[in-house]
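The values are calculated or read from the model by the stated rules, or taken from the named source; none is laboratory data. Bear in mind that the values here come from a model prediction, so they are computed numbers and not experimental data. Don't worry about glycine lacking a Cβ; one is built from the backbone with ideal geometry, like all the others, and counts go over all protein chains shown. Just so you know, the surface numbers come from the protein's heavy atoms only, side chains and all, with ligands and any DNA or RNA stripped out. Shrake-Rupley method; radii C 1.70, N 1.55, O 1.52, S 1.80 Å.
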Amino acid sequence: MARYLWQSTLLALCLVVTTVVRAEPERFRIDESHVSVGFLAGHARFADVLGQFTDVSGGFVYDAQTQTLVSGRVEVAAETVFTGHDERDGHLRGGDFLAVDAHPVIAFEASGYEPVDDRQGVLSGDLTLLGVTRAIELDLTLNRRGDHPIGGADTLGGSARGTIQRSEFGMDYALQGDLVSDAIELIVEFEAVRQDD
């Protein structure tokens, strides 16, 4: 009986060790053809202007079993801002707003992830815009993980939402009278592909 108990305990320990070994962080690369970084900016309280950036890249290291984000970085090419209106887009690229010549990259450096349940949590990190870095939080939903129907790659898809105050980054043009809102709503949709080391 004692021998049986010892063998059972040893087997259980082996299973635990195997589980721990398998719980390793995985590296993901954002699929640049399936990522959207958009924003909503209020215009004189009449309506919101919807815009996006068309050049986004980055990746992250994530342990799905423990829901731990090890690291992550996303870079956005500021000059690729697009709202569907050429004159407005030119203005956004200039010194009143994004100043793309002096600050060509908008960067987000992830610092942590706090899960609420299996699919939702709060993503925290530092956003650098116009050379100013501020801590922000995004509500993140992990939509699905599985083999992609096109090509079969191991893919993780998610949606993130949050709000920043542009004045905190030194962008104060047209704040008076709320001509352009201080609060900018962020909209992020992404698919990320697991990378083999």
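Numerical summary
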| quantity | calculated |
| --- | --- |
| Matching residues in segment 67-99 - criterion: being over 22 Å from D48 (Cβ atoms) and of a type in the set (V, I, T) | T68, V70, V74 |
| Any hit, segment 103-112, residues being within 17 Å of Q195 (Cα to Cα) and at pLDDT 95 or above | no |
| Any hit, segment 76-95, residues being in contact with an Asp or Glu (Cβ under 9 Å, 6 or more places away or on another chain) and modelled with pLDDT under 95 | no |
| Among the candidates A41, A12, A99, residue that is over 26 Å from A192 (Cα atoms) and modelled with pLDDT under 95 | A12 |
| Selection count, segment 126-167, where residues are within 17 Å of F60 (Cβ to Cβ) and either open to solvent by less than 30 Å² (accessible area, probe 1.4 Å) or outside any strand (DSSP E or B) (or both) | 13 |
| Criterion (touching a Lys or Arg at 6+ places or on another chain (Cβ under 7 Å), of a type in the set (V, I, T) and more than 22 Å from E26 (Cβ to Cβ)) met by exactly one of I136, I164, I184 | I184 |
| Matching residues, segment 150-169, being at pLDDT below 95 and either in contact with a Phe, Trp or Tyr (Cβ under 6 Å, 6 or more places away or on another chain) or on the phi < 0 side of the Ramachandran plot (or both) | I150 |
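Conditions tested, residue by residue: (1) under 15 Å from the mean Cα position of the chain (by Cα); (2) exposed (fewer than 14 other Cβ atoms within 10 Å of the Cβ); (3) on the phi > 0 side of the Ramachandran plot.
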{"site": "V37", "(1), (2), (3)": "yes, no, no"}
{"site": "L40", "(1), (2), (3)": "no, no, no"}
{"site": "F46", "(1), (2), (3)": "no, yes, no"}
{"site": "G51", "(1), (2), (3)": "no, no, no"}
{"site": "V56", "(1), (2), (3)": "yes, no, no"}
{"site": "R73", "(1), (2), (3)": "yes, no, no"}
{"site": "V76", "(1), (2), (3)": "yes, no, no"}
